[in-house]
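Values in this text are rule-based calculations from the coordinates and carry no lab data. Small disclaimer: the values here were computed from a predicted structure and weren't measured. Positions of Cβ are generated from backbone atoms using ideal geometry, with glycine treated the same way; all protein chains shown enter the neighbour counts.
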Amino acid sequence: MKFVISGFYGLHNTGDEAILQAIVDNLRKAYDNPEITVLSLSPEQTAKTHNVRSFYRGWRRDNWNKVKEIKSADVLISGGGGLLQDTYPTKFLFGPLPYYLLIVLLAKIVGTPVMFFSQGIGPVTSTWGKFLMRRLANKADFVTVRDEFSKQYLHDLRVTKPQTVVTADVVFALETHDPADTIRRELQLTDDDRYIAIAPRPWFEHEETYIQHVAEALDVIVEKHDVIPVFVTMETPSDVLISERIIEKMKFGARAVVFERVYAPVEIAHFIGKAELTIALRLHALIFSALSHVPHIGLSYDPKVEAFLKRSSMWPHSFRLGEETTEALIEQADQLLTNPAPFEEQIERAIVPLKEEAWRNFELLQQNFSSKSK
C-alpha cells in the first residue's frame, strides 16, 4: 500500500511531530513494507527523521511531484491533529483550512481516496470556512475524529456524507520509551531531582492573566513541595518566550529550567512521564502525561483540550483558560502532589480504551481502503 500523509508537519511543533511519528510507526506495523510520502514544510528533515519520501507541502514548489505522489497513492491520509479550523486568518484560498481542503480536492480530482485521520475539528466560525467545509470536507471517503465533540461539530457544519467514527488521538499509539533519558541528562538533573513539567503556549485571550496565575502558583508549589519547575517547550520560539515571561514573574524563577533545544517527541514524552505533575495548555503535553499516568492540570484554551481532559479523568482538577485562579491552581497541585497514587490509578484506567481506540484508526484504514493494484 502507498500512503500520502498531509498535516502540520515540518514546523517543529512537538504535538504534530508526535502525531506523524505515531502514524508512520503504526502504518509499518499494520502493513508489509508500506510506501509513505509526507507533505512537509521541511521535507529533507522529515525524510531523514522518519525514513520516508517527503515533498514541500506549500504551493511555491514541488507541485508536480505532489500531484504525482497523490495520484499514485492508495490513500491520502489527512491528519491527524486540529487541521480543519479557521482560528488563524483565512482569506479566500489562503490559510490552514483552505490549504488542507484543497489537498483533499486535489486527491479526489486525481482519483485517490481520502481519509480524515484522528482529527480534532474546529473551530470554524467564518461564513467562507463553513462553505468550504460543506463543499470540500464532504468529499472525504471516511473520517475518524478524536472526540465526540469533533463528530458533532462536523454534523453541525453539515459534513455528513462520509462515515464518521469517534476514536482517539493517534498519539495514544506512540511508543514513548527513551532509554537514554536524553533530556534529564542534558538539563543536568540528577536521578534524585523531583520536577514538575509546565507546557505553556501563547493564546489570544487571557494570556497575561494566566501567566500571572501560573507564576504565583509555581512559587508556592516549588517552595512547599521542593520540586524543580521545568518548562517543556513544545513549539519554538513561541513557547520559549512565554516560559521566560512566566519565570520573570516568579520569586523562585532562578530554580526554573527551560528546554534548551528542540527534542524528539519520544524524548519529551519520556521526560514528562517521569514528572511528578504536569501543568499545561499544550494538548500533547497532557497526552504525554496520561500515557505515563502522570497527574495533570490542564488550562483549556480550546474545546479539544477540555474534551481530552474529560476522557483522561483529570477535568475535575483542570480549568477553562481565564477561569483559573492562583489559589485554585495551588489547591489542585497540592492534592495531586500530596497523594498521587489514586490519581495515577484513575488515569491508568481511563487511558486503556484510548490506546485501543488510537489503534482502531489503523484497523478502520485497513477495513475501508485497499490497494489500487488489486
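Decide, for region 228-276, between rounded, prolate and oblate: order the square roots of the alpha carbon gyration tensor eigenvalues as a ≥ b ≥ c, take rounded if a/c falls under 1.5, and otherwise choose prolate if a/b is larger than b/c, else oblate. Because a/c hits 1.5 or more and a/b fails to exceed b/c, region 228-276 counts as oblate.
Mean residue ellipticity, 222 nm, helices only, the chain: the sum of -39500 (n - 2.57) across DSSP H runs of n ≥ 4, divided by residue count and rounded to 500, is -14500 deg cm²/dmol. Long hydrophobic helices in the chain: the complete DSSP H runs spanning 15 Å or more by Cα along their own axis with mean Kyte-Doolittle hydropathy of at least 1.6 are 96-109. Pairs exceeding a 19 Å alpha-carbon distance, out of LYS66/LYS91; LYS29/LYS151; LYS2/LYS108: LYS66/LYS91; LYS29/LYS151. Packing order of peptides 365-372, 162-169, highest average first: 162-169, 365-372 (average count of other Cβ atoms within 10 Å over each peptide's residues). Once backbone amide H atoms are built at 1.01 Å from N, VAL166 has VAL145 as its partners under 5 Å, excluding neighbours fewer than 5 places away on the same chain.
Loop-located GluC sites (Glu not before Pro) in region 223-285 (DSSP state other than H, G, I, E, B) with a sparse environment of at most 13 neighbouring Cβ atoms within 10 Å: GLU260. Peptides 64-73, 175-184 ranked from most to least packed by the mean count of surrounding Cβ atoms within 10 Å: 64-73, 175-184.
Per q in 0.10, 0.15 Å⁻¹, report the Debye log10 I(q)/I(0) for the chain, using one uniform scatterer on each alpha carbon and no solvent. The Cα Debye sum returns log10 ratios of -0.62, -1.33. Ordering ASP156, ASP302, ASP147 by the number of other Cβ atoms within 10 Å of each residue's own Cβ, fewest first, gives ASP156, ASP302, ASP147.
Looking at region 182-352, how many pairs of lysines come closer than 26 Å at the Cα, when each pair is eight or more places apart or spans two chains? Don't jump to the answer; show the numbers that get you there.
Values: LYS224/LYS249; LYS224/LYS251; LYS224/LYS274; LYS251/LYS274; LYS274/LYS304; LYS274/LYS310.
Lysine pairs satisfying the spacing and distance rule in region 182-352 number 6.
With Cα atoms defining each centre, region 309-374 and region 167-240 are spaced 17 Å apart in the structure.
Please label the shape of region 1-40 as rounded, prolate or oblate, based on the square roots a ≥ b ≥ c of the eigenvalues of the alpha-carbon gyration tensor (a/c under 1.5 means rounded; beyond that, a/b larger than b/c means prolate, else oblate).
On the way: a/c = 3.65, a/b = 1.72, b/c = 2.12.
Oblate.
Shape class for region 56-101, computed from the alpha carbon gyration tensor (a ≥ b ≥ c): oblate, with a/c not under 1.5 and a/b at or below b/c. Peptide packing for 50-62, 74-86, 194-206 was compared via the average number of neighbouring C-beta atoms within 10 Å per residue; ordered from the highest value, the list is 74-86, 194-206, 50-62. Rounded to the nearest 5, the antiparallel percentage of DSSP beta bridges internal to the chain is 5%.
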